[in-house]
Structure formats: structure tokens, C-alpha cells
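One structure is given below, encoded as C-alpha cells.
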Amino acid sequence: MKPFYLQKNNVYFVPILHGNFESTLNARNVFQEIEPDCLLLELPESLQTHFPEALNSLPEIPVILLERKETTYFILEPCDSFVECGRLAKEKNIPIFTIDADVENCPMSSESFPDTHSISVLGAKAYFETILEQEFKKSDEDILRENVMAFNIQKAIQNHKKILVLIGISHLQSVFEKFENCNVRPFFQQTKPTIGIFNLHPESTREVLSEWAVLNSAFENFRSNVEFFTERKIVEKDFGDLKFVKNLNSIHRKKTTEELIEEESWNVFEKFSKGQSREDLILACFETASIIYEKETGEKVSRLSKKQFLQLVRNQAKIMGKLMPRLFELLYAARGIIDENFCYDFWNLLTFYPYQNETGIFPTIKLDPESIWFGTKKMRVRRLWEGKGKKRPKFNVKKRKYEKNKGDWEKEFDADSMCSFPPEDIVIEDFGSFLKNKGLQLVSEEHSRTVPFQTSLADGIDIRETIRNWHENKIYVKENLQIKGSSSTVVLIFDEDKDENYTYCMTWLGEHSQESDMAFYSTNPEENVVGPGISRVEYGGLMLNSPPLKMFDVWNDPDYYWLESKAEILLLAAIEYSQEKFVIYVADKPPRSIFSVIASRYKRVIKYIPKNNLSPVMLKKVRVMHILSGHEKREIADDYIW
């Protein structure tokens, strides 16, 4: 995409939107195209020596503090036009001059500009020309500053052949028209500020930068060509045009984020440089946050959730009069559509800047958003907590433990002594009982009848039938007929596994009379080790049968080899092992008709319940389980299970 600038003789003017990536990209492209021998920046003249000095700190982000009656902070983030062109100038030994006037109260621009996302669609020329056509309100101090800048440009012309000038877009047109005829420096009372250079604290980089920290990270990684991490074992998964990194073993969240910055910044920035938009970065971060979230919670972010997330952030951006959402809208949507754990992982990714350290070449300063920006918003995110008190301490977040040496936790596994985690057993048993009762209730409703009220209300008034026959002036009541038989077996299918993603098959016998026998297929325990001898898996499907100690290993039963899927194996086993008349079957679609024939031969009845009729929250809760290597692991499992 062709960059935009204004030219008069040997002076090139570039419009700037402060702290904006698309504007910085345009300025960078102009710099590389014209190859200037002098760089002029719209910064106070008092920063002539301090600004180049502060650039030496990058990629660690420095802060220049100007103290007058009010304190002003200038954060030198990589995605700022002044910073990027200043760094390019230093790399080529090109002189840098700050040309703005030192005034007591620098007016804050109140102008609102179109969303810079449109630059990626319309191009820089169409975008900036549209803005330059409008008239900007100017104060006396604005006019003074423009005259001083015009004089300094005229002064630089005498000593340089090709000058690049970076000026805020609200001042550009005025300075462009004035500089040739401004030979006398305007007289005004200068106020020299007290200036200090500081290193920004790593925690502050998450909150006070103009652009998302991850965008600064991607840009910095692209321009500096730095390899952060040398030893890593990763596998790349292809998601359309972008590739996302997924570690094979249990990994620390920060390491995953660093891998994103290292591997993905090239693809994302390449799309930017070709004129595409920052939406690629949002999608990349969302997909990678989904991988982190799945590793930590065992729950997948569905395609539906992703679609709803994108719809919500689009609508929020429209309400704000923008084309792209801000950080707050992204986090708000992540929390509302998925949950607060995902919101935290998404925030941790979007605000990640790996270059910053607590100690640097300058003293460290910690800044809060209220010190920098007006109208900041706060969002509360409540993650998983430990402790049973009613009042939760402010930072009492349950911290995940990590293995000291890679592979130590896998060594704790013993294939001959696998067992479950009792709190999860209680949850799945309770849910199984709920499904049995729901199935029997549906069977009862199918056998119910509606009759006119005579002497008894029976099982309640049938409102629908009463209204339908209102002209008869009769009240209709519902009678649920007593059904014979109960249910002892439940089959719950989350995924029929046509793609063979759930390769681990197991049959467990109940440990006591209150626990059912269970056959299930799930993800491989070796893929997600979360503790010493503790693995997190996700059910593809399961079958519960009571009373316990009645079930053979259904996965190795030769009578089931003719069946087409794991779900059908569980259903046929449920029919054969059921002690009661009704077999409850929960899945996305009903079983093949042949199973009704088989069930009738065993004098059983299959009651199908569509999975969509159940609570997604409850299904999400019961789908994840942990496999422990021995009963002794139950004592420590709570420290590693989320």
C-alpha cells in the first residue's frame, strides 16, 4: 500500500495520529521510501537531547517525564510514529530535531477522527486527505506552536537536502502553508520543564500503552528480528491463513504467550504490511487464548462461542462509532460469551510485552491508567479461588503448580492402578441420577392424557388445552399415568468421535454400592498431565450402570465388534447390562432404529433425550475428569485440579 505524505521542495510532511499503529506504519514506509537526511518531530524543544537518549532503552519502553505546573508523561512505545522514525534515524545516523514550542499548558486535542482501521481498506492517501479537508479549532497556543514549528523547519532547510517532518494531523496543513515564509522566530515566554527519563514497570505496560501491548510486541519482534527462546518443543496447527502454536506438554501460560509473539508476529505483521487489518491479530490472540484456556481448564471454546464473540465485539464497535473494538470491548465480550477464566487469559495475551524488565538503564516508574488517560474503565475478573471464607482476600487466586523438571510428572504414572477423583465421581453420579429422573418424567408425559375437569385436578390444569377449548366453558386437567419400570442405565454422548480424537477407552467398576460401573472413551491422558500422576481428560462419551460390579470390559467384548462407533458400543452395552426397563440415551441425534429392535428383544426401551435440551453449563462441568495414578494421589490431587 502506497504511503501518504505532503511534499514542498525538499521537505516531506507526514501526518501523525499519536500512539496509533496504522499511522506509524505509514510514517515508517515514508521514511524508507524517501531516505531523509534530517528528521523533525513535533516534540518540545526541551527534549532535544532527552528524546534520542531515551530511544537507547528500547525495546524496553522508557517514559519521559516533563514537570511544570502539571506533570506530563511521554511513553515511548514501539508503535508510536515519533519513536519508530526516531529509531530508524538513529540506526542510519540521521540527526533528529524536536521543533515544538515549550509552552506551559499544551492543549489536548479534542478532535475525533475516523477509525484508523479504514486505512487498511481505503488506503493512507484517501484516509488522511479526508481528514485534512476539515477545519480544526485552534487556540492561541496552537497557533503559537505552529509558528514555532514552521520557523524551525525553515531553519533546517538551510543545512539539509531532504527533510522529513512528523506533525500531528491537526497542525499539518497550517504548518505546511506557513513554513516557507516564516523567517522570524515568534516571541513568547518559554517555560523550561524539569525532565526525567524512567523505565516503565512491566505491570504498567499492560495498562498505560496507547496500543495493545501484544501489538507492540509483534511490531518490535518484526523490526528487530530477535529470537527470544531457543529450546522449545512445539507443534504447529493450521487454522486457515494463520498458524498457532500448541505445546505438546503442560506448559506455563507465559511460555505459551511468548511462543505466540515469537511465531505469530511475523504472519500478523505481514498482513498489516500488505494493507490488511488488525483483525488478524484479534483472531490470532483469540485462537491462542482458546488453546491456553483448554490446557488450563480442559474445556474447549466452541465455534458458536467464537461466532458470538465476534458478533458482540462488532456490535460494540458500532455503538462506539468505530470499525474495530477497543481492548475493553474485547475483554467485555470474552467475559460475557465464555467466562472470566478465558477473559483473564485473553487479557494476559493482549497485554503481553516480553521485553520489559523491572530494572533497566533508567530508574523504574510504575504508572496507573488514571495518571495518563481520561475516562478509564475498570473491569472485575473473578477467577478460581481457594479457601472457604465468605470474604475473599484481594489476591487470593489459586495458583497453578508446575513441574520442576520436564517429564517428572509423567514418571509418576502406573497403568495398573488408575482411579478417579471422588469429588468428580459425586458430580457425575448426581448428573446420572438427574438424567434418569428426567427420562422417566418424559416417558410419563408421553403417556399422559388431558380430560375435562370433573371431581379432581389430577396432575394440574392443562392451560393450553383449556384455552384451546375456551368456547366450551370447560377446564381441562392433565393426568400422568403411572408407568411400569425404572431406569438403571444412562448413556451420555458428547461426541460420536468420527475423527478419532477420543482414543482412550476404559471400563471402571464402582468402588462401593453408591457408585455405578462406568465405561467411557476420552482424550489420551498422556496429552494433558497436570500433576504428578494426575491427568486431565475430556469425555467423548460415557455409560453409567448400577448396581456396580456387573459389567465386563465392553471395549474388548467380541460381540460388539460389528458396531460402527464407540457411541453404539456404549448403547448396546447399556441395553445388555441394564437391570431396569428404560435405558436413557443422551446425544445430538437419536440412535439407529436397529437398536430399538435389539432393545425390544431384551425387553428394554430406549428413551432418547436431545443433548441440546440440557444445560450447556452442566454439560461443560461434567465433561472434564481427572485420572489419578493410584489412590494415594487423591490426597494431593486438589492442589493440581482446577
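The values are calculated or read from the model by the stated rules, or taken from the named source; none is laboratory data. The structure displayed is predicted, hence computed values, not measured ones. A quick note on method: Cβ atoms are made from the backbone with ideal geometry, for glycine too, and the neighbour counts reach across all protein chains shown.
Annotations for the structure displayed:
- Selection status of Asp414, at pLDDT 90 or above and exposed (fewer than 14 other Cβ atoms within 10 Å of the Cβ): no
- Residue satisfying all of: in segment 501-527; more than 37 Å from the chain's Cα centre (by Cα) and of a type in the set (S, T, N, Q); modelled with the highest pLDDT among these: Ser516
- For His18: the one exception among (1) surrounded by 17 or more Cβ atoms within 10 Å (Cβ to Cβ); (2) in contact with a strand residue (DSSP E or B) (Cβ under 8 Å, 6 or more places away or on another chain): (1)
- Note on segment 568-618: residues that are among the charged types (D, E, K, R) and exposed (fewer than 12 other Cβ atoms within 10 Å of the Cβ) amount to 3.
- Qualifying residue in segment 388-396 (condition: surrounded by fewer than 16 Cβ atoms within 10 Å (Cβ to Cβ) and either within 30 Å of Asn524 (Cα to Cα) or at pLDDT 75 or above (or both)): no
- Among (1) in a loop (DSSP other than H, G, I, E, B); (2) at pLDDT 85 or above, the one test that Gln154 misses: (1)
- Considering residues of segment 619-641 that are over 21 Å from Ala519 (Cβ atoms) and hydrophobic (A, V, I, L, M, F, W, C) only, the residue surrounded by the most Cβ atoms within 10 Å (Cβ to Cβ): Ala637
- Pick from segment 523-544, criterion within 17 Å of Ser565 (Cβ to Cβ) and not polar (S, T, N, Q), ranking: surrounded by the most Cβ atoms within 10 Å (Cβ to Cβ): Met543
- Residue match in segment 613-624 (condition: closer than 24 Å to Trp508 by Cβ and more than 28 Å from the chain's Cα centre (by Cα)): no
- Scanning segment 123-151 for residues that are within 18 Å of Glu177 (Cβ to Cβ), modelled with pLDDT under 85, more than 39 Å from the chain's Cα centre (by Cα) and not acidic (Asp, Glu) returns Lys137, Lys138.
- Residues located in segment 133-158, provided they are free of Cβ contacts under 8 Å to residues at least 12 places away in the same chain and of a type in the set (S, T, N, Q): Gln134, Gln158
- Any hit, segment 118-131, residues being in a helix (DSSP H, G or I), surrounded by 20 or more Cβ atoms within 10 Å (Cβ to Cβ) and charged (D, E, K, R): no
- Positions within segment 554-603 being acidic (Asp, Glu) and under 17 Å from Lys498 (Cβ atoms), in sequence order: Glu564, Glu568, Asp588
- The number of residues in segment 276-312 that are free of Cβ contacts under 8 Å to residues at least 24 places away in the same chain and of a type outside the set (Asp, Glu) comes to 7.
- Residue match in segment 307-325 (condition: within 14 Å of the chain's Cα centre (by Cα), more than 18 Å from Glu279 (Cβ to Cβ) and surrounded by 18 or more Cβ atoms within 10 Å (Cβ to Cβ)): no
- Of all the numbered requirements in (1) in a loop (DSSP other than H, G, I, E, B); (2) more than 23 Å from Ser420 (Cα to Cα); (3) of a type outside the set (D, E, K, R), Ala599 misses one, and that requirement is (1).
- Search result, residues across segment 193-223 that are buried (at least 19 other Cβ atoms within 10 Å of the Cβ) and assigned to a strand (DSSP E or B): Ile197, Phe198, Asn199, Leu200
- Which listed residue is surrounded by 15 or more Cβ atoms within 10 Å (Cβ to Cβ) and aliphatic (A, V, I, L, M), from Ile493, Ile463, Ile426, Ile467: Ile493
- Qualifying position, being assigned by the TED database to the domain that holds Asp425, in a loop (DSSP other than H, G, I, E, B) and either of a type in the set (A, V, I, L, M) or within 28 Å of Ala637 (Cα to Cα) (or both), among Leu563, Leu572: Leu563
- Qualifying residue in segment 100-112 (condition: crowded, with 23+ Cβ neighbours inside 10 Å and either in the same structural domain as Pro15 (by the TED database) or not in a helix (DSSP H, G or I) (or both)): no
- Counting the residues of segment 36-56 that are outside any loop (DSSP other than H, G, I, E, B) and among the β-branched types (Val, Ile, Thr) gives 0.
- Summed over segment 158-192, residues that are farther than 25 Å from Lys92 by Cα and either small (Gly, Ala, Ser) or surrounded by 17 or more Cβ atoms within 10 Å (Cβ to Cβ) (or both) total 11.
- Verdict on Ile426 being touching an Asp or Glu at 6+ places or on another chain (Cβ under 8 Å), closer than 17 Å to Met625 by Cα and hydrophobic (A, V, I, L, M, F, W, C): no
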